[in-house]
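Chemist: Dumping the structure here so I can ask a few things about it.
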Amino acid sequence: MNSLLATLFLALPMLAAAGDLPDAPFRTPPDGRFVVSASPYFHQPEVAIANRLAYLGKDGQTNHFCVVGYRWNDGGGMVWLHWTEEESLIRWRGNRDKEIRESSLMAETDAVKWGRNTYEEGDRAAMFPHTLSTRAWQQLAADCEEHGEKYVFEPVAGGR
């Protein structure tokens, strides 16, 4: 009995840390987070975000973004960008090449918009690309807002 209690006591800090991370939409929950702006694949996220705003003609309004990176102990990683005003999440793959990285967020088709690209658990929509369950969407957005890097873009003069 004492060894069982000792095992549980030692495991609790690990469970608490693991419980701090979202479990959806990942096949295997991440082992931790990483600072996105410190990664060479995502260096200066504000440049890529500003390019997306200009490309979509949304740079004439105030926009709030959050970016969060997840890592796995096997070396894998994944980055999600939450755009508050558009109620969308964007999976960002980044790139080491500066030009590609700075334009990598300009594709409009990669956003998972709340209510349009979300589905309830067990729904057929889960089979379609660029969709998330409402539970996964909410977990990612909340985790980003709590632990991610925040960016606010004020309106650009002459923006649409």
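The values are calculated or read from the model by the stated rules, or taken from the named source; none is laboratory data. These figures come from a predicted structure and were not determined experimentally. Here the Cβ positions follow ideal geometry from the backbone for every residue, glycine too, while neighbour counts run over all protein chains shown. All accessible areas refer to the heavy atoms of the entire protein, side chains included, with ligands and DNA or RNA removed. Shrake-Rupley method; radii C 1.70, N 1.55, O 1.52, S 1.80 Å.
Chemist: I'd like the full set of residues that are more than 14 Å from the chain's Cα centre (by Cα) and either crowded, with 22+ Cβ neighbours inside 10 Å or within 18 Å of F26 (Cβ to Cβ) (or both), limited to the stretch 54-73.
Modeler: W72, N73
Chemist: Return the pairs, sorted by first residue and then second, in which the second residue is assigned to a loop (DSSP other than H, G, I, E, B) and of a type in the set (S, T, Y), the first residue lies in the stretch 94-106 and is under 12 Å from Q44 (Cβ atoms), the beta carbons are less than 8 Å apart, and the residues are 6+ apart or on different chains.
Modeler: Between residues of the stretch 94-106 that are under 12 Å from Q44 (Cβ atoms) and residues that are assigned to a loop (DSSP other than H, G, I, E, B) and of a type in the set (S, T, Y), the close pairs are G94/S39; G94/Y41; G94/S104; R101/Y41.
Chemist: Let me ask something else. So which of V68, V79, V47, V36 is free of Cβ contacts under 8 Å to residues at least 60 places away in the same chain, among the aliphatic types (A, V, I, L, M) and in contact with a strand residue (DSSP E or B) (Cβ under 6 Å, 6 or more places away or on another chain)?
Modeler: One residue alone meets the criteria, V79.
Chemist: Then there's this: Across the stretch 115-160, what is the number of residues that are open to solvent by 50 Å² or more (accessible area, probe 1.4 Å), under 21 Å from Y55 (Cβ atoms) and at pLDDT 80 or above?
Modeler: 4
Chemist: Scanning for something at pLDDT below 80 and surrounded by 14 or more Cβ atoms within 10 Å (Cβ to Cβ), does the stretch 24-45 turn up at least one residue?
Modeler: yes
Chemist: Please specify each residue of the stretch 102-119 satisfying the condition of being in contact with a helix residue (DSSP H, G or I) (Cβ under 7 Å, 6 or more places away or on another chain) and either under 18 Å from L56 (Cβ atoms) or of a type in the set (A, V, I, L, M, F, W, C) (or both). Break it down into steps so the answer makes sense when it comes.
Modeler: Of the stretch 102-119, the ones in contact with a helix residue (DSSP H, G or I) (Cβ under 7 Å, 6 or more places away or on another chain) are 102-106, 108, 112, 114, 118-119.
Passing the criteria: E102, S103, S104, L105, M106, E108, V112, W114.
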